[in-house]
Amino acid sequence: MIQERLEQLRNLMAEHHMDAYMIPTSDFHESEYVGEYFKCREFMTGFSGSAGTAVITRDEACLWTDGRYFVQAGRQLDGSGITLQKMGQPGVPEISEYLDQVLPEGGCLGFDGRVVNCQLGKDLEMLLAEKKVTLAYKEDLVDIIWKERPHLSAEPAWILEEKYGGKSSAQKIEELRSQMKKEKATIHILTSLDDIAWLLNIRGNDVVCNPVVLSYAMITLDRFYLFVNETVLKDDLKAYFKELSVTVCPYNDIYTAVQQLRDQKVLLETARTNYAIVKNLDSSNRIIDKMNPTVLSKAMKNPVEVENMKKAHIKDGIAMVKFICWLKKNVGKETITEVSAQEYLDDLRSKQEGNLGLSFDTISAYGANAAMCHYKATEESNGKIEPKGLYLVDSGGQYYEGTTDVTRTIAVGPLTKEEREHFTLTVISMLRLGAVKFLYGCRGLTLDYVAREPFWSRGINFDHGTGHGVGYLLNVHERPNGFRWRMVQERQDNCILEEGMITSDEPGVYIEGSHGVRTENLIVCKKAEKNEYGQFMEFEYLTMVPIDLEAIDQSLMTGRDVELLNDYHKAVYEALSPYLTDEEGMWLKESTRAI
């Protein structure tokens, strides 16, 4: 089937005189996760991971993805005729290098300009100019092939009350306009869905697990235009927008609206605005290419949001304790599979007050499947959880009080020495990063070594970032904060760590064919003491879920490591025990005992 689709695409490419066609993983808004309508790359290649770009030429097809998906992509592409290009590995060209190699003099590169960001489009223009390659960005060829393509999502939007968001939309818009004035901008084009939702204090359900609304915004110093499918707006939201002086326009009218702009100083972020929008701007306009001002404002959670997030993590911790307790009690006594365990946990989370669904698809992985960082259990791959080895579950929820993301690796029976060692190193790493104190001005790049040293000192590494920013009832992956040891420019997650920023702390070890371990807590950045050396900063744990003591090899831990684990477990017990049954409370007390 994949080969047939590739053949159809090549026929269309020939009709449109294209020598290569690029299909990224994106929607019209540069979202990380996309709705069903936008899954063109998956439709054309069969690879279902959340990150990857396909390039199809007249005689070759390749797919680039990152280290999280090497194992998964290798399996899903097997027999498709598509070559896996492992990003960042020796001998693997970047997509731009590959295009420069394979496109002929005077050739044509095709793509849907609405799903390619402007920065990438401009970079390709410059790279391929010497060969006089043209870019054809107005054709969505996959749409012609995809006869049963899902419709664009149009789920109802709703207002997030100020008691949850902590700041009114009017205040946020006023602050944005102040930033526009600083940049000497007369108009701001904003297309990233989480920024628009945050700015207007609205939420929706147009992207699975990300409560956003398909929309574009165009903000002047006195007008606000929102481009959205009006059917998603109920009467209360229409009245709310009227009060905010927000003019509602049809979703697709953004392209004609930008065509009409003349002599404006347009603030936009080319890396997050699609190529088609910018190409539609008249040359009389001057573009101010800066990160959207809302990005930093959104990342620095206000005190109301932080306190609400703590409440969300109590609820989430209760669900996780009930799940781990159930799994430990029943594994080996009844049939439990990756899928049934996932369904059990998802159901527990859904029953928590104020839960609005998952923050991402639960990763439920036993044994060797856990070596795939972003493995998704299906009926085909569904592994039975045996009473031996390690089981990994990475999951999270959306609540009115915020977004959660937690990973725990659980001993479901006897462990090998290597499994126990890898588990313990991961716990040591997570705790040390969570306990670090640092001077204001540090970035994630500065602190990442704290987490990696226990691994690197033993010649071990994990091929993903140590942590990512997390939104408030928004995207579980949020710019601009994160932890990683090397810069990945396009991720834009290496800002100075500010008070209120929430970041995941999630080291791991992945042994293909054997096991995978990851332990993840969310941490919030806050001020510590200020003295003659400057302002010191520290982290506070939000996640309240026990770490499996049955998998710990205490001989690998220093006295401080043991103290950090005991202190964390004391906090977990105090936070969760009032909400549990007697049986669950006894289990938690034993599971969080001091070692």
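What to note about this one:
- Restricting the range 233-271 to residues that are closer than 19 Å to Ile288 by Cβ, among the β-branched types (Val, Ile, Thr) and in a helix (DSSP H, G or I), the residue that is farthest from the chain's Cα centre (by Cα): Val258
- Only listed residue being more than 19 Å from the chain's Cα centre (by Cα), of a type outside the set (Asp, Glu) and modelled with pLDDT of 95 or more, chosen from Ala299, Ala411: Ala411
- For the range 71-94, a tally of residues being touching a residue at least 24 places away in the same chain (Cβ under 8 Å) and either farther than 28 Å from Lys376 by Cα or crowded, with 19+ Cβ neighbours inside 10 Å (or both) returns 7.
- Boolean, Lys570 is more than 19 Å from Asn481 (Cα to Cα) and either hydroxyl-bearing (Ser, Thr, Tyr) or part of a helix (DSSP H, G or I) (or both): yes
- Residues in the range 309-322 include at least one that is out of contact with any His (no Cβ under 7 Å at 6 or more places or on another chain) and closer than 26 Å to Ala217 by Cβ.
- Residues of the range 530-545 that turn out to be part of a loop (DSSP other than H, G, I, E, B) and either touching a strand residue (DSSP E or B) at 6+ places or on another chain (Cβ under 6 Å) or buried (at least 23 other Cβ atoms within 10 Å of the Cβ) (or both), as a count: 4
- In the condition set (1) at pLDDT below 95; (2) on the phi < 0 side of the Ramachandran plot, His16 is compliant with all but (1).
- Residues that are closer than 19 Å to Asp112 by Cβ and acidic (Asp, Glu) within the range 234-278 comprise just one, Asp253.
- Where strands (runs of 3 or more DSSP E) sit wholly within the range 456-511, those with at least 2 residues that are touching a helix residue (DSSP H, G or I) at 6+ places or on another chain (Cβ under 6 Å), under 25 Å from Leu160 (Cβ atoms) and not acidic (Asp, Glu) occupy 478-483.
- The residues of the range 272-293 that are within 30 Å of Phe539 (Cα to Cα), in contact with a strand residue (DSSP E or B) (Cβ under 7 Å, 6 or more places away or on another chain) and in a helix (DSSP H, G or I) amount to a single one, Arg272.
- Pairs where the first residue, in the range 438-462, is under 15 Å from Thr503 (Cβ atoms) and the second is of a type in the set (Ser, Thr, Tyr), C-beta under 6 Å, 6+ apart: Asp448/Thr466; Ala451/Ser429; Ala451/Thr466
- If the condition is being part of a helix (DSSP H, G or I) and touching a helix residue (DSSP H, G or I) at 6+ places or on another chain (Cβ under 9 Å), then the range 298-309 contributes Lys298, Val304, Glu305, Asn308.
- Sole residue being basic (Lys, Arg) and in contact with a helix residue (DSSP H, G or I) (Cβ under 6 Å, 6 or more places away or on another chain), chosen from Arg149, Arg114, Arg177: Arg114
The values are calculated or read from the model by the stated rules, or taken from the named source; none is laboratory data. In this text the structure is predicted, and so the values were computed from the model without any measurement. Glycine also receives a Cβ, built like all others from the backbone with ideal geometry; neighbour counts cover every protein chain displayed.
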